[in-house]
1. Along the charge dipole of chain B, pointing to its positive end and built from +1/-1 on Cβ of Lys, Arg, Asp and Glu, which listed residue (B:52, B:201, B:28) has its Cα farthest out?
2. Pick out which of B:177, B:77, B:107 has the largest mean-square fluctuation in a Gaussian network model of chain B, springs linking Cα atoms closer than 10 Å.
3. What is chain A's relative contact order, in percent, from Cα pairs under 8 angstrom and six or more apart in sequence?
4. Once you place label points 7 Å from the Cα toward the Cβ at residue A:117 and residue B:154, how far apart are they in nm?
5. Can you sort B:171, A:52 by how many other beta carbons sit within 10 Å, fewest first?
6. Connecting C-alpha atoms closer than 10 Å in a GNM of chain B, tell me which of B:55, B:118, B:15 has the biggest fluctuation.
7. Note down the nm distance, to one decimal, between modelled labels 7 Å out along Cα→Cβ at residue B:49 and at residue A:36.
8. Would you mind working out the magnitude of the charge dipole of chain B relative to its Cα centre, with +1 at each Lys and Arg C-beta and -1 at each Asp and Glu C-beta, to the nearest 20 Debye?
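Every number in this text was worked out from the coordinates using simple rules, so none of it is lab data. The model shown is predicted, which means the values in this text are computed figures rather than measured ones. So basically every Cβ, Gly included, is an ideal-geometry build from the backbone, and we count neighbours across all protein chains shown.
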There are 2 protein chains.
Amino acid sequence: MNLSIAEENYVKAIYKLQEGDTAVTTNALAYELDTKPASVTDMAKKLKDKQLIDYEKYKGITLTAEGRKTALQIVRRHRLWECFLVDKLAFSWEEVHELAEELEHVRSEKLTNRLSEYLGNPTVDPHGDPIPDAHGRMAKPRPQTSLDQANAKRLVVTAVTDQSVALLAFLNAKGIRLGTQLEIVAHYEYDNSIEIKMKHAPSLTISEQVAKNIMVRPV
Amino acid sequence: MNLSIAEENYVKAIYKLQEGDTAVTTNALAYELDTKPASVTDMAKKLKDKQLIDYEKYKGITLTAEGRKTALQIVRRHRLWECFLVDKLAFSWEEVHELAEELEHVRSEKLTNRLSEYLGNPTVDPHGDPIPDAHGRMAKPRPQTSLDQANAKRLVVTAVTDQSVALLAFLNAKGIRLGTQLEIVAHYEYDNSIEIKMKHAPSLTISEQVAKNIMVRPV
DNA sequence: AATATTGTTTAGACAAATCTAAATAATTTA
DNA sequence: TAAATTATTTAGATTTGTCTAAACAATATT
Ligand SMILES: [Mn+2]
Ligand SMILES: [Mn+2]
Ligand SMILES: [Mn+2]
Ligand SMILES: [Mn+2]
């Protein structure tokens, strides 16, 4: 099936929003893609015709098996290009999403697989998200929790859930990246802020909002 | 100026066809882009509006200074990606054009310049074509002639003008690539075929058509 | 010079992707 | 449950890039 760039972006967005079996709503998809609900309805009809989604008027959207397979291929390309940009071209993690958003649309299995191999077949991207392999399989991520819910004291950063430039740049400024080890020094109940301590640095206090978006596991 | 992919492909094709100051004809451009003359006329009006080309009805098309600059940026991206695919991902020279045709449309100066640097700022692409630098300047290619016109006996292959998969695959099969050294053993006047000899290989005879598309200079 | 051929443009149409505004369905509130 | 609100769809338009068929211009042939 030959998909346009717009169609690919829709399929990927549906995949992103579809947690488990919950149908994706028209409005949510419009918001995610920065477009209008009317446009989503139009596209939903096209993707249904192409059998990439199940869709009934007013009932929301879910990917078919075929659609899920397609989505995983796009996600694979996106995350591999992000790795390339960070690992080989020394881009910072907040710069790569936008570029990968375009590079992901070059559809060549050979290119994708060669790129993966060249990068050492990475299993996570620069934001800690898992990379599907050539068959669409993702390594089951090791158990992780958001920093605000962590109970162990010594932790390592495994992923970031909000990948906005604003948060990623903030984390850069504070020296927090994937693999960073830290200890929880204190929880402040007033605003649920959390004081953390990293090696070779004074402790710092981060807001609940930041903590919620940092994923960690016990070291 | 924000150009669509279609517009970029037109600008690049005009650049390719515009040798010196000869205006590019509607039909030639349609053939090059595998489209119809009527479509070219439509696009010519748009590119004229955007001041990328000079165009008067029935008088053909030439790039403006702005258009030339745009074309050189696209050519730069195209050739850098070709280098990447060959040098880093081990693609063969006949596979890369099609992929670069898509990758060239990712418009990011930062990406382009980082890629160039990563590749060691190459000055020629895998087909021997020169790569414009960040300012659009190309190294003046060292003097070269087509193999059928060469008079020196000991030669080195510097470029290939016909870059069809068919010719490139033929040259692969015969062990002829950029940098290959060869001697002219004989010219056969009957069909203008040329017998050549490369190191560590028996001599072989190639047709005039092949010879015309191999660029060489004295070693 | 008249005619034929070739090259180019125009007119009118279509598909893809989007939009706004209006209509309709589903859900929540009173 | 009736009214109000929210979510979604439809109708109709627009832009981009393309096409075919017909008209027109430039060039070549007799
Ligand atoms: Mn994208
Ligand atoms: Mn990512
Ligand atoms: Mn292209
Ligand atoms: Mn090339």
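1. It is B:52.
2. Of B:177, B:77, B:107, the Gaussian network model singles out B:107 as fluctuating most.
3. 15
4. Taking the simple label geometry, residue A:117 and residue B:154 are separated by 3.8 nm.
5. B:171, A:52
6. Among B:55, B:118, B:15, the largest GNM mean-square fluctuation belongs to B:118.
7. Calculated label separation equals 2.1 nm.
8. Computed about the Cα centre, the dipole is about 640 debye.
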